[in-house]
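Reading through the structure tokens given below for one structure.
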Number of protein chains: 2
Amino acid sequence: MPQARTPQTRAPEERAYHHGDLRRALLDAAVALIAERGTAAISLRDLARRAGVSHAAPAHHFKDKSGLFTAIAAEGHRLLAASIEAEAVPASKELLEMGVRYVRFALAHPAHFEVMFQPGLLRRDDPDLRAAQAQTGELLRSGLPLGTPVPDAESSALAAWSLAHGFATLCLSGNVSRFIGERDPADAFRDIVRASP
Amino acid sequence: MPQARTPQTRAPEERAYHHGDLRRALLDAAVALIAERGTAAISLRDLARRAGVSHAAPAHHFKDKSGLFTAIAAEGHRLLAASIEAEAVPASKELLEMGVRYVRFALAHPAHFEVMFQPGLLRRDDPDLRAAQAQTGELLRSGLPLGTPVPDAESSALAAWSLAHGFATLCLSGNVSRFIGERDPADAFRDIVRASP
DNA sequence: CTCGAATCTTGTCGTTGACAAGTTCGGTTT
DNA sequence: AAACCGAACTTGTCAACGACAAGATTCGAG
């Protein structure tokens, strides 16, 4: 008795009319391509070809190109929030450890990170994106020691964020390797923080 | 006796076959457009239309799109070097002051800054770009107090660069205004440095 | 079983980047 | 002054893309 064929059990070459999870396939292909060749090299038709669907299929999941980028950015914010939330750390090292995780996230998910901070590609009013942004914003704020003696706690937070963000950005644009060589960037980041003025 | 008409004295509507300084006109239009709508909104044909020339004219000055972006990035590096070199500062505040100028440059020339750090858009092997990059690299290194007692001088430099770069990037992507409101970002940056761990 | 909605298809239009080949101009040589 | 050469700019063309419209297929709720 032949097993009923779900989309998942079909051989790749005999594609079903319905893909199964086209949205995810497109997102994954886009992320891989962005990491390799940058956002400028992305074309919806190319992604459709790679997924084995027609050139207009992506529009049904993302409406248009900015919809695709917006979805990636929102996913990036959720991934970042998950990375930071992962495990608790001693309160004294909270800011440093959050920076380390921020850097790790950026290097582990360069495509997401790149898209997240290119507002020109995004639909800034997208509700899903706004929710995801709010989630990470909340989390970054929570890293501040609550009754901190620092005169301006917000300045500290912004300083830490700037440092981590700048380091991550410079890493991804290839401007740091000449300083740190083959070392683990996250370790290098700890040194950086220690050496910061 | 009618004055000989150079391209500069012609009325705009009776365009000469030769533009006069098409290269500069294209660069200026591109920079303005990038600052307004981002690099993704740039099209060589649109720039040609705005300059009043045919759709293939830009190729003669920049070869292709990446050539245009590469020229903008190189110009950005030269502008940055000029901003930093402008005037001498007390050696004790050199690193801080360099950071302030870095931030000021990024906010004054957002389009150049954006292009400079998007390697996917550039011809990394372009000799003019490489020369301009080397010039700023040299200058950033020169900001380090020479006989500094700090164990790792390079870490200090990278820390300062990361802080300034991150702050500038976050400003340009609209993630800082909620912290600093209407204040001058350069002033805010001084506070940030003071509050950094 | 029926029917509506979600998913995917084919078809089309205007725009773009890139290339090829021809035209006009400016300056330099003769 | 005439001839010439290279630079600057032109028109023409092609494949690829984004976006939209309209039709086909499938899924699932009732």
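Computed values, structure above
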read-out	value
Region B:76-197: C-alpha pair distances exceeding 25 Å, %	25
Translational diffusion of region B:17-62, µm² s⁻¹ [Kirkwood Rh, Cα pairs; Stokes-Einstein; 37 °C; 0.692 mPa s]	311
Chains A and B, summed buried accessible surface - 1.4 Å probe, Å², nearest 100	3000
Among A:23-33, A:176-186, the order from most to least packed when residues are scored by Cβ within 10 Å on average	A:23-33, A:176-186
Inter-copy separations for B:H60, label at 7 Å along Cα-Cβ, nm, ascending	4.9
FRET efficiency, 1/(1 + (r/R0)^6) with R0 25 Å, evaluated for B:D125 and A:R50 via beta carbons	0.30
Given charges at beta-carbon only (K, R positive; D, E negative), |dipole| of region B:17-62 in Debye	80
Residues of region B:76-197: accessible area per residue with a 1.4 Å probe, Å²	49
Chain lengthening between B:R78 and B:E138 when straightened (0.36 nm per residue, less Cα-Cα)	20.4 nm
Sites B:A108 and B:H60, calculated FRET efficiency, Cβ-Cβ separation with R0 35 Å, nearest 0.05	0.70
Average other protein chain Cβ within 10 Å of Cβ, residues A:166-179	5
In order through region B:27-38: 3J(HN,Hα) via Karplus (6.51 cos²θ - 1.76 cosθ + 1.60), integer Hz, x for Gly, Pro	4, 4, 5, 4, 4, 5, 5, 5, 4, 8, 10, x
Average projected area [Cα convex hull, region A:60-125], square nanometres	5.1
Sequence-separation-based contact order of region B:76-197, relative, with Cα cut under 8 Å and 6+ spacing, percent	38
Dipole of region B:76-197, positive end: most advanced residue of B:L79, B:S162, B:L95 [Cβ charges, Cα centre]	B:S162
Surface share of carbon and sulfur [accessible, 1.4 angstrom probe, percent] for region B:76-197	54
Surface share of carbon and sulfur [accessible, 1.4 angstrom probe, percent] for region B:17-62	51
Relative contact order computed over region B:17-62 (Cα-Cα under 8 Å; 6+ residues apart), in percent	35
Cα-based radius of gyration of region A:13-124 once divided by 2.2 N^0.38 Å, which approximates compact folds	1.24
Computed magnitude of the charge dipole of region B:76-197 (debye, nearest 20; Cβ of K, R +1, Cβ of D, E -1)	180
Teacher prompt: B:L107 distances to equivalent labels in other copies, 7 Å Cα→Cβ, nm	3.1
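The values are calculated or read from the model by the stated rules, or taken from the named source; none is laboratory data. Please read all numbers here as calculations on a predicted model, not as lab measurements. Cβ atoms come from the backbone with ideal geometry, glycine included; neighbour counts cover every protein chain shown. Ligands, DNA and RNA are excluded from the accessible area calculation, which covers all protein heavy atoms including side chains. Shrake-Rupley method; radii C 1.70, N 1.55, O 1.52, S 1.80 Å.
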